[in-house]
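To start, the structure under review is shown below, and the notes come after it.
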Amino acid sequence: MLMRKVPGFVPASPWGLRLPQKFLFLLFLSGLFTLCFGALFLLPNSSRLKRFFLAPRTQRPGLEAVPEAPGHPPAGAREPPPNPAPAAPAPGQEEPSSLAGPRRRKGWARRTQPPRPREEATAARSGGSSSSGGSGGRAEAPQEGSPPFSFDFHAFRSRLRHPVLGTRTRGSEEPQSLVQTRREKIKEMMQFAWQSYKRYAMGKNELQPLTKDGYQGNMFGGLGGATVIDSLDTLYLMELKEEFQEAKAWVEENFHLNVVFRMKAIKLGEKLLPAFNTPTGIPKGVVNFKSGSNRSWGWTTTGSTSILAEFGSLHLEFLHLSELSGNQVFAEKVRHIRKFLRKIDKPFGLYPNFISPVSGNWIQHHVSVGGLGDSFYEYLIKSWLMSAKTDTEAKDMYYEALTAIETHLVNVSPGGLTYIAEWRGGNLDHKMGHLACFSGGMIALGAEDAEEDKRAHYRELAAQITKTCHESYDRSDTKLGPEAFWFNSGKEAVATQLSESYYILRPEVVESYMYLWRQTHNPVYREWGWEVVMALEKYCRTEAGFAGIQDVYSSFPNHDNKQQTFFLAETLKYLYLLFSEDDMLSLEDWVFNTEAHPLPVNHSDSAGRAGGPL
């Protein structure tokens with residue numbers, strides 16, 4: 001949900017990130033929580049895997065209820081020896097992890113910030129309150145005497161409406177259809193991306209395909225394997241069985257949390273709770289695991305600033321964490337944030353991107369549905385859906401926010417293109433970032449549950465925004481879209497400066513194609529998706545993996561040196577789903593978090609019906 005910034009040629013700036021959350025949280029927390037608690041449901045039903053992912057019945061909640069599990073760290077470095085043994089931490093030293101990360105959006109686009117001390121972990125994309133409900137007291141951890149808790153995997157599986165991989169016929173003697181052929185091509189791209197990573201960067205965070213090595217980064221003391229973690233569910237979904245087993249084996253054998261600290265996934269959640277020790281209960285962006293202190297990001301506008309997309313985008317993971325652990329403290333934290341945000345004054349009903357976690361006042365009235373704001377809105381509607389449509393507070397807040405966005409930010413260009421502008425204290429910047437292009441899919445996803453007289457309107461709004469984002473691709477020489485595009489001075493849906501003309505394998509546009517396809521089955525979305533596949537093949541595929549390009553308006557663009565983790569986690573996954581049947585990872589059963597990892601809809605026991613074997 002993750003901060004993608006192109007390394008090297010583009011100035012580092014938080015504004016290009018989808019959120020600093022994506023930057024940390026979804027590549028780490030979302031990995032540790034989502035893959036631990038979400039992707040585990042996609043694994044084969046074997047006792048060995050359940051021992052690895054699910055808690056023994058005798059364990060206490062909040063302590064070791066979930067075994068050591070994968071997490072989402074930063075990205076890539078030099079090629080290590082096969083299956084390197086993790087280095088032990090220095091005596092007495094406890095290294096960092098993250099509560100941050102963003103959506104969509106997803107990805108691990110780096111922003112260049114000065115390295116932080118190893119004990120610090122980002123609390124971005126967090127959400128929650130202090131233990132006293134916002135009084136600034138110390139966060140509560142589970143008590144030793146609490147009753148044992150176990151997650152009933154069989155009951156969960158019986159409530160699925162559809163098999164995870166759908167019911168499409170396998171092994172048919174009939175010739176492959178065009179759709180099947182295109183799906184197989186996307187599968188081949190995933191296989192190539194994975195094999196390239198495995199060959200040159202296994203165990204590092206991200207592959208650098210031009211130099212044929214890996215990038216590790218300084219986050220979390222250099223904890224590696226982000227691409228492995230981000231790829232697991234995509235490999236499983238595409239039935240790349242050998243590659244999935246390779247990834248799973250690496251996690252089992254080499255992804256030891258004691259590279260950073262000895263604790264399980266729920267223990268990690270407890271370590272992140274001090275971020276919420278503020279007068280408002282809104283977490284700060286960075287937490288020190290060793291001392292329990294917290295602080296805000298150094299690059300923000302004041303010394304105490306939290307970011308909407310970070311503290312507003314932990315709902316799915318933290319609510320699911322409470323369900324799996326039996327410890328409600330995680331759910332209470334994010335619910336408190338929601339209640340706090342709902343009651344405070346908002347300019348014209350809009351949510352600015354920055355707030356003081358100390359005073360609760362908005363800082364700078366900058367509103368964006370793209371970077372810094374995006375996944376907050378996404379998680380409102382998805383919280384409603386993940387709750388099996390019982391979380392009415394999330395639903396109401398989503399439609400209230402969407403009404404304000406449409407009233408004050410949505411515009412139509414002279415050429416007839418619908419876009420969502422950015423708002424700065426009453427003035428509009430007539431541009432959209434690539435990160436904001438997820439909103440077409442979000443609005444389509446939420447259209448069904450709107451008031452009856454608005455459903456058709458929201459479906460049309462979703463289609464028009466998605467069309468505009470397609471135009472940003474179609475108007476480039478490469479048929480790939482820029483990082484941001486404008487609507488002024490007679491120019492529409494194009495970048496106006498080189499610093500916004502890059503493409504780093506982002507998924508937002510194809511994500512919206514997938515949602516619009518599932519809602520309408522209009523073949524244009526598959527055609528647009530195939531155009532992206534062909535452009536990726538022509539301009540982003542290199543000898544040793546896929547890389548972003550520095551100028552989408554050049555027929556001979558230079559590559560950056562990064563195969564982003566979100567390319568495997570999101571871009572290729574959404575493309576594959578676009579060319580699959582609707583019951584593959586059915587939206588009746590699953591909600592995708594901001595990094596496209598599936599979390600289960602919380603069907604009640606009485607509402608579910610068997611969906612076949614996983």
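The values are calculated or read from the model by the stated rules, or taken from the named source; none is laboratory data. This is a predicted model, so every value here is computed, not measured. Cβ atoms come from the backbone with ideal geometry, glycine included; neighbour counts cover every protein chain shown. When the accessible area is computed, the model is the full protein with side chains, heavy atoms only, and any ligands, DNA or RNA have been set aside. Shrake-Rupley method; radii C 1.70, N 1.55, O 1.52, S 1.80 Å.
When you scan the range 402-410, do you find a residue that is among the small types (G, A, S) and assigned to a loop (DSSP other than H, G, I, E, B), even just one?
no
Would you check which residues across the range 378-394 are in contact with a strand residue (DSSP E or B) (Cβ under 9 Å, 6 or more places away or on another chain) and either surrounded by fewer than 22 Cβ atoms within 10 Å (Cβ to Cβ) or of a type outside the set (S, T, Y) (or both) and list them? Before you say what the answer is, go through the steps one by one.
Residues of the range 378-394 that are in contact with a strand residue (DSSP E or B) (Cβ under 9 Å, 6 or more places away or on another chain), as a first pass: 382-383, 385-386.
Selection gives K382, L385, M386.
Give the residue that is nearest to the chain's Cα centre (by Cα), with candidates limited to residues of the range 331-345 that are under 18 Å from P357 (Cβ atoms) and open to solvent by less than 10 Å² (accessible area, probe 1.4 Å).
For the range 331-345, the residue satisfying everything is V334.
Looking at the range 206-246, which of its residues are modelled with pLDDT under 95 and assigned to a loop (DSSP other than H, G, I, E, B)?
Q216, G217, N218, L223, G224, G225
Report, by residue number, each residue of the range 395-411 that is open to solvent by less than 30 Å² (accessible area, probe 1.4 Å) and either small (G, A, S) or closer than 18 Å to G440 by Cβ (or both).
Answer for the range 395-411, where residues must be open to solvent by less than 30 Å² (accessible area, probe 1.4 Å) and either small (G, A, S) or closer than 18 Å to G440 by Cβ (or both): Y398, A401, L402, A404, I405, L409.
Could you list, in sequence order, all residues of the range 224-249 that are buried (at least 22 other Cβ atoms within 10 Å of the Cβ) and among the hydrophobic types (A, V, I, L, M, F, W, C)?
Within the range 224-249, A226, V228, I229, L232, L235, L237, M238, F244, A247 meet the criteria.
Could you give every pair whose Cβ atoms fall below 9 Å, whose first residue belongs to the range 267-278 and is over 13 Å from K290 (Cα atoms), and whose second residue is at pLDDT below 75 and in a helix (DSSP H, G or I), counting only separations of at least 6 or pairs across chains?
K267/L257; G269/L29; G269/L32; G269/F33
Which pairs turn up if I take residues in the range 342-362 that are assigned to a helix (DSSP H, G or I) and look for partners that are not hydroxyl-bearing (S, T, Y) with beta carbon separation below 7 Å, at least 6 apart in sequence or on another chain?
What qualifies is R342/M397; P347/H365; F348/A404; F348/H408; G349/E400; G349/A404.
Looking at the range 448-497, which of its residues are under 18 Å from G433 (Cβ atoms), in a loop (DSSP other than H, G, I, E, B) and of a type in the set (D, E)?
E483
Yes or no: A596 in contact with a Pro (Cβ under 9 Å, 6 or more places away or on another chain), buried (at least 24 other Cβ atoms within 10 Å of the Cβ), part of a helix (DSSP H, G or I) and among the small types (G, A, S)?
Working: in contact with a Pro (Cβ under 9 Å, 6 or more places away or on another chain): yes; buried (at least 24 other Cβ atoms within 10 Å of the Cβ): yes; part of a helix (DSSP H, G or I): no; among the small types (G, A, S): yes.
No, not satisfied.
For the subset of the range 439-466 comprising residues that are of a type outside the set (G, A, S) and within 15 Å of E400 (Cα to Cα), which member is most open to solvent (accessible area, probe 1.4 Å)?
The first filter runs over the range 439-466 and keeps only residues of a type outside the set (G, A, S), leaving 442-443, 445, 448-449, 451-455, 457-461, 464-466.
Those still in the list that are within 15 Å of E400 (Cα to Cα) too: 442-443, 449, 451, 454-455, 458.
On the way: M442: 13, I443: 4, D449: 29, E451: 120, K454: 74, R455: 83, Y458: 7 Å².
Among those residues, the one meeting the criterion is E451.
All but one of (1) more than 25 Å from K284 (Cβ to Cβ); (2) open to solvent by less than 30 Å² (accessible area, probe 1.4 Å) hold for S375; which doesn't?
Checking S375 against (1) more than 25 Å from K284 (Cβ to Cβ); (2) open to solvent by less than 30 Å² (accessible area, probe 1.4 Å), the one that fails is (1).
If we keep just the residues of the range 539-556 that are within 23 Å of Y200 (Cα to Cα) and small (G, A, S), which is surrounded by the most Cβ atoms within 10 Å (Cβ to Cβ)?
Among those that are within 23 Å of Y200 (Cα to Cα) and small (G, A, S), it is G548.
Taking the options V591, V509, V532, name whichever one is touching a Cys at 6+ places or on another chain (Cβ under 7 Å), modelled with pLDDT of 95 or more and open to solvent by less than 50 Å² (accessible area, probe 1.4 Å). Even if it seems obvious, please write down each step before you answer.
Numbers: V591 fails: touching a Cys at 6+ places or on another chain (Cβ under 7 Å); V532 fails: touching a Cys at 6+ places or on another chain (Cβ under 7 Å).
Every option except V509 fails the conditions.
Give me the residue from the range 475-495 that is crowded, with 21+ Cβ neighbours inside 10 Å and of a type in the set (A, V, I, L, M) and, out of that set, nearest to P557 (Cα to Cα).
Only one residue fits best here, namely L480.
I'd like the full set of residues that are open to solvent by 60 Å² or more (accessible area, probe 1.4 Å), at pLDDT below 95 and charged (D, E, K, R), limited to the range 163-205.
R170, E173, E174
With the requirement that a residue be open to solvent by 30 Å² or more (accessible area, probe 1.4 Å) and part of a loop (DSSP other than H, G, I, E, B), what does the range 412-431 give you? If you could, list the steps in order and put the result at the bottom.
Step one: filter the range 412-431 for residues open to solvent by 30 Å² or more (accessible area, probe 1.4 Å), giving 412, 414-416, 424-431.
Scanning the range 412-431 gives P414, G415, G416, G425, G426, H430.
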